[in-house]
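Down below is the structure, laid out as structure tokens.
The values are calculated or read from the model by the stated rules, or taken from the named source; none is laboratory data. Since we're looking at a predicted model, the values are computed, not measured. Cβ sites come from the backbone with ideal geometry, for glycine too, and all protein chains shown count toward neighbours.
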């Protein structure tokens, strides 16, 4: 299968390598040439003309934000020059209104759109073991499935509107941020009553909360060390802003999201914008005088 | 070992059976005689005089609330008539100020107190597989350990002040309620954007949140059925009130707990006081017009 | 008219002086004798035996807290020794459950109870210009009215259950704390956008919010100086705790009260417990990095 | 003085009439011709070419939203065709980022910009008694002052950046919404404890809160009637969204604003989008089961 791949950050590089390893012919493009050139060692072909990628059977894009998609694809009128009938698999975590706008634009150009945001870190992308949330018209999802399975452990379908996958991805990130905040408040409570935070986190991860989310962040909340950053705190605020925006457009009050937003802003006003987003947990500690 | 056991609710009965099975001689007392009489079939001895239990080496109490402990033990001056040097293992989930008061009272009577609230359901108590949070003076905890191990899978020590175990237990219940609220807000968001709630809960429990807490409550949040009640919603409010009270006495603001309290009150004002506490999740749905 | 008066703090002294000036015979009692002795210069009679006061037609009590009423009146069994048919006018700001308990106790002793918490400062008490919230059985309120009018500018009746007056008083204090918090958040927003806080407060008090609450606290929020304390911040927390407690018993979620409680706790954990309660406003500033 | 005036809604018409009454020559433009034609009876001149207005000494615009300014003025490139040195007095309540963008655009066209959002109702605009918040470069504000004084009771300067006036206006609307929410929560508390809401509102407006904000909305909160709408609830949500946005860009957490946003969304999900924004108060009542 001939595929295009746009966006060779750490995650994208891992995903592209999984595609190559699964036997796909992959033509890659990246804003800065370094990562693209490097991937040729794994068998990828490389072009500086992004339009060339959009002549393939399917193109996978893994760009970071609404803005980077806008600049790379929309502002350059790439879709207008795409092969009719192309399948676009959009793996970014983007805002819901932007996903809805992209659905309209793709339809008007006769391009099938599948939104497929991923859960997992770069090493998991490289191992082809990602969890992938998928939404789009059934025929498009059927076409995307063999591609996605090259880097996915499992696909999680959530409906026929592409934006639904982005709602679900935001819901996951929201629930993760809630877990961090809950551990932080519980940790501040425990510390103020003389209980070491690690002892409490051990109970969490050893009993009711023995899942990746708590096992990854419980020790971080206990240790209060937020560097190096896996996911920037200011990007965490962006995600929560998009959660709130999606809540408003859907008609859902989200009081926990409001608390999270305020605490992210508090963290940024105390210098933690470029720390790992788990520095959210420092706010509960600071407010408790710890 | 000769033990007393007070409080044969569903949990207490399972714990007492585990003690018997492990070879302890157990003298039981219960407010209503039925469960005590029944336990004699498992080898327990039964008395109607609670003071008799307090002549044993150790007595385990599994009463439901601050009030029931006050009525059963304090108001009857049972501690004054206890064997000097007795070890009291208190397994209830009680408030922090009451746990602190009990510490004083036990010391004044020369009775060793270990607070050991348990995590788990009746069948797990019966299987001897509970997780038990433990706090108390080291010598007392050392004496309590062989008793606790008869019904525990694992002990989780959190310090030398008995009340610390109750702080930690409240922190666990708080974190669990936060997980339910997070799933409810995420579920309302998803539903309002056309995503079936079960699809979202499957993502949660299949990826980052694959732990007992989410696996138990995710399907409940999706199905919105809250009967029969495993844990009453009004008792959930009581726990959160005690969390907030402990936060205030310790100096820790707990904004998530404030949201939970308001939502529990909202639920009670809409008739759900005696439903399962996961009916908390109905509030986010109702507020979103679902 | 022969009256007893208990509780000669700053407010109580002003109220007692207004009663004397209006021609009442007033027998006073105070825990520490100084203020009582001093009031004899204004024509009061003074006794060290509080029971003596409870033989009058009516007794006015102006004690600070639930606890001081419990210690002074309940623990000493004063009501049991009171003149049958006595009218007790209770001017303290107390909690709702305690007000409800007092109603029961007074009824059982055949003493009429009117709850009449006051709004105003000591100088206003002395001038006889207080606003007084009043609740009780109509006959009792009718008997209390001529007494209250001696120190009141206006009476504000709110119902037949004495506790209703305390609910209303708590509602006023809650609304006042909300005004302070709103000004603080608005002030932090303004400052972070380069607008001097006094300019914003001038707009508030010169336009839509030209009332005593904003005129008193707007300049304080702008200046961020909280000493000397008119009303202690930790007492502000107590009031909000009682608001939340009354909300819970009544079935009313109060999200603003939850925010206030957390911010008062934050303030206390940063050393402001004994500042004026308007130091609440420092929290919004600090969280904004100001 | 020759002035242009754009935007003849109810407020704009009153303001334009005040300008005419004060002796200004006013050339008016409005999207729908009706109100413009009508104003010729008061001495205004009317044109269908908006560019003509921008040749005057100063032009006052009173358009409703960011969008209407964008469509009417920016999309039509009106500023490019304006008289060099023109003074633009912008009286709308707009978002802070849009005000900041407008400052840039005006500077690039050599047009002086003063932001001057107004407080008051149409009848007050007509009487020339508005409160006007003003911000801009000192020379521009000096030029705007005689114009503004034609419809203002008082000017409230807040700084040299035009957007500051919009921050201050948002801060006023936020504080007003907070007052409504506080009265609603207090009212629900009172009702659940048997106190009629009007009795409580009378205490508020008769004592500490005797200002226009509380006098206007206290009776509405008590009566719970929200039609006809003076200010649409969905516009209230828009304002609070802009407050939160300004808080985030400035680095100020605003927890009360988060509560307001959730409650506005709750109200909209229960059918109150086009009621008066004081229908916000229905949320606290509904959540308390009232």
field: residue C:206 vs. criteria surrounded by fewer than 23 Cβ atoms within 10 Å (Cβ to Cβ), on the phi > 0 side of the Ramachandran plot and either within 8 Å of another protein chain (Cβ to nearest Cβ) or at pLDDT 95 or above (or both)
entry: no
message: Please verify whether residue A:219 is closer than 30 Å to residue B:161 by Cβ, in contact with a strand residue (DSSP E or B) (Cβ under 9 Å, 6 or more places away or on another chain) and more than 14 Å from chain D (Cβ to nearest Cβ), treating the condition exactly as stated.
response: no
message: Quick check on this structure: which one of A:200, A:170 is in the same structural domain as residue A:239 (by TED's automatic domain parsing), buried (at least 24 other Cβ atoms within 10 Å of the Cβ), within 30 Å of residue A:106 (Cβ to Cβ) and modelled with pLDDT of 95 or more?
response: A:170
- request: Tell me, please, whether a residue that is at pLDDT 95 or above, outside any helix (DSSP H, G or I), surrounded by 15 or more Cβ atoms within 10 Å (Cβ to Cβ) and in contact with a helix residue (DSSP H, G or I) (Cβ under 6 Å, 6 or more places away or on another chain) can be found in the stretch C:79-89.
  value: yes
So residue C:177, is it crowded, with 24+ Cβ neighbours inside 10 Å and assigned by TED's automatic domain parsing to the domain that holds residue C:225: yes
message: Taking the criterion of being outside the structural domain of residue D:264 (by TED's automatic domain parsing), in contact with a helix residue (DSSP H, G or I) (Cβ under 8 Å, 6 or more places away or on another chain) and assigned to a helix (DSSP H, G or I), would at least one residue in the stretch D:146-161 satisfy it?
response: yes
task: Would you confirm whether any residue within the stretch C:250-264 is out of contact with any helix residue (DSSP H, G or I) (no Cβ under 6 Å at 6 or more places or on another chain), closer than 20 Å to residue B:239 by Cα and assigned by TED's automatic domain parsing to the domain that holds residue C:191?
output: no
task: For residue A:230, work out the one condition from (1) crowded, with 22+ Cβ neighbours inside 10 Å; (2) under 17 Å from the mean Cα position of the chain (by Cα) it doesn't fulfil.
output: (1)
message: Residues that are surrounded by 16 or more Cβ atoms within 10 Å (Cβ to Cβ) and either in the same structural domain as residue B:242 (by TED's automatic domain parsing) or not in a helix (DSSP H, G or I) (or both): does the stretch B:98-109 have at least one?
response: yes
statement: The residue from A:174, A:226 that alone is within 7 Å of chain B (Cβ to nearest Cβ) and touching a residue at least 12 places away in the same chain (Cβ under 8 Å) is A:174
- prompt: Taking the stretch B:116-142, which residues are closer than 13 Å to residue B:157 by Cβ, away from chain A (no Cβ under 12 Å) and buried (at least 19 other Cβ atoms within 10 Å of the Cβ)?
  reply: B:116, B:136, B:140, B:141
query: Just one of the numbered conditions (1) buried (at least 19 other Cβ atoms within 10 Å of the Cβ); (2) more than 20 Å from residue C:185 (Cα to Cα); (3) more than 7 Å from chain C (Cβ to nearest Cβ); (4) modelled with pLDDT of 95 or more is not true of residue D:188; which one?
result: (3)
- request: Within the stretch B:259-284, track down each residue that is more than 14 Å from residue D:266 (Cβ to Cβ) and not in a helix (DSSP H, G or I).
  value: B:271, B:272, B:273, B:274, B:275, B:276
- prompt: Which one of C:118, C:114, C:147, C:141 is farther than 21 Å from residue C:72 by Cβ, modelled with pLDDT of 95 or more and in contact with a strand residue (DSSP E or B) (Cβ under 7 Å, 6 or more places away or on another chain)?
  reply: C:141
statement: Inside the stretch B:53-77, the number of residues satisfying the requirement of being over 14 Å from the mean Cα position of the chain (by Cα), assigned to a loop (DSSP other than H, G, I, E, B) and closer than 12 Å to residue B:6 by Cβ is 3
task: Answer yes if at least one residue in the stretch D:254-274 is more than 13 Å from chain A (Cβ to nearest Cβ) and closer than 30 Å to residue C:154 by Cα, and no otherwise.
output: no
message: Here is a check on your reading of the model: is residue A:253 surrounded by fewer than 20 Cβ atoms within 10 Å (Cβ to Cβ) and either at pLDDT below 95 or out of contact with any strand residue (DSSP E or B) (no Cβ under 9 Å at 6 or more places or on another chain) (or both)?
response: no
query: Would you say residue D:247 is at the interface with chain A (Cβ under 9 Å from one of its Cβ atoms), in contact with a helix residue (DSSP H, G or I) (Cβ under 9 Å, 6 or more places away or on another chain) and within 14 Å of residue D:167 (Cα to Cα)?
result: yes
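Given the criteria more than 19 Å from residue A:94 (Cβ to Cβ), more than 10 Å from chain D (Cβ to nearest Cβ) and either out of contact with any strand residue (DSSP E or B) (no Cβ under 8 Å at 6 or more places or on another chain) or in contact (Cβ under 8 Å) with a residue 60 or more places away in the chain (or both), does residue A:281 qualify?
Details: more than 19 Å from residue A:94 (Cβ to Cβ): yes; more than 10 Å from chain D (Cβ to nearest Cβ): yes; either out of contact with any strand residue (DSSP E or B) (no Cβ under 8 Å at 6 or more places or on another chain) or in contact (Cβ under 8 Å) with a residue 60 or more places away in the chain (or both): yes.
Yes; evaluated as a whole, the condition is true for this residue.
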field: residue D:164 facing another protein chain (nearest Cβ under 8 Å), modelled with pLDDT of 95 or more and surrounded by fewer than 24 Cβ atoms within 10 Å (Cβ to Cβ)
entry: no
query: Is at least one residue of the stretch A:9-20 over 20 Å from residue A:145 (Cα atoms), assigned by TED's automatic domain parsing to the domain that holds residue A:148 and surrounded by 15 or more Cβ atoms within 10 Å (Cβ to Cβ)?
result: yes
- line: Out of (1) at positive phi; (2) in a helix (DSSP H, G or I), the one residue A:289 does not meet is (2)
